[in-house]
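Remarks on the structure that follows.
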């Protein structure tokens with residue numbers, strides 16, 4: 001039988017004709033990606049910082065020292081400091097339940113976790129208004145007990161927690177499903193309790209995924225605008241977060257102050273990105289488990305666990 005047209009080998013010492021075309025395509029794609037990132041990511045961020053310092057360093061500090069701006073910064077940090085730990089606890093618990101157990105309604109739980117990703121943040125904020133507003137489902141009960149949620153700090157925390165809670169769970173769940181349950185089962189065989197397995201086996205395995213999730217959750221919590229805008233009421237000095245304060249300053253044509261607050265928020269985002277990159281670099285530089293010789297990875301060593309006492 002005669003060889004097909006694709007079975008012929010190129011003459012020795014000669015490179016295939018498509019090599020030059022491949023190099024050209026690779027360089028073109030890289031140039032296109034860098035151009036897009038420069039035009040739509042790097043240039044706007046640089047413009048924010050240039051606009052913030054366009055009148056000098058003193059007006060920049062004066063804008064950040066404004067009492068309303070300081071109140072917005074404090075509220076943003078307070079909201080993130082509450083919503084991120086709550087979402088961390090929920091994310092680890094939900095990922096543990098989904099990855100380690102089979103139960104009725106498991107697929108429904110995963111679908112509900114993804115709900116904030118598919119619903120607009122504005123709709124999410126409106127849902128809380130319909131539930132806890134003065135004319136909402138629980139409005140009369142809240143008024144009777146003098147509890148204020150909407151147009152107050154609790155509403156901002158609730159809305160931020162809602163739109164950010166899938167982030168930690170999704171990162172942790174992916175790591176748990178990839179690593180399996182072998183080490184947990186071995187620890188259980190050795191007599192470890194559930195809490196010991198969590199602290200000494202599971203958490204050390206998922207720590208980088210957990211760290212990624214916490215970083216992403218914190219960045220989204222500080223930059224959330226849509227849901228917070230609906231439930232905050234835009235009360236100056238009380239319920240304005242940093243994104244809302246930027247909007248107010250910009251609408252008042254106070255561009256230096258608006259870009260000053262925006263630069264601070266962008267700086268926090270860059271610090272978050274740098275921390276995530278450092279975590280990825282640290283995780284990738286760790287030695288990988290060696291092969292056991294049969295084509296499978298050797299199991300990771302399990303931290304020593306106390307054996308049950310013999311009677």
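Every number in this text was worked out from the coordinates using simple rules, so none of it is lab data. Everything numeric in this text was worked out from a predicted model, so none of it was measured. Virtual Cβ from ideal backbone geometry, glycine too; neighbours counted across all protein chains shown.
Using the Cβ-Cβ distance between residue 123 and residue 143 with R0 set to 35 Å, the FRET efficiency works out to roughly 0.90. Full extension of the chain between residue 134 and residue 55 yields a length gain of 24.0 nm, computed as 0.36 nm times the residue separation minus the alpha carbon distance. Each part reduced to its alpha carbon centroid, segment 226-282 and segment 90-113 end up 33 Å apart. Once the Cα-Cα distance is subtracted from the 0.36 nm per residue extended length, the residue 200 to residue 64 segment shows a gain of 44.6 nm.
For segment 125-241, the gyration tensor built on C-alpha atoms gives a prolate shape. Its axis ratio a/c (a ≥ b ≥ c) is at least 1.5, and a/b is the larger of a/b and b/c. Fully extending the segment from residue 186 to residue 31 would add 50.8 nm, taking 0.36 nm per residue of separation and subtracting the current Cα-Cα distance. Residues 36, 225, ranked from the fewest to the most other C-beta atoms within 10 Å, line up as 36, 225.
Counting neighbouring beta carbons within 10 Å and listing from fewest to most, the residues 129, 271 come out as 271, 129. Once you order the gyration tensor axes a ≥ b ≥ c over the Cα atoms, which shape class does segment 53-154 get: rounded for a/c under 1.5, otherwise prolate or oblate by comparing a/b with b/c? Cα axes put segment 53-154 in the oblate bin. As a rough footprinting exposure proxy, the listed residues 145, 234 were ranked by other beta carbons within 10 Å of their own, and the order from fewest upward is 145, 234.
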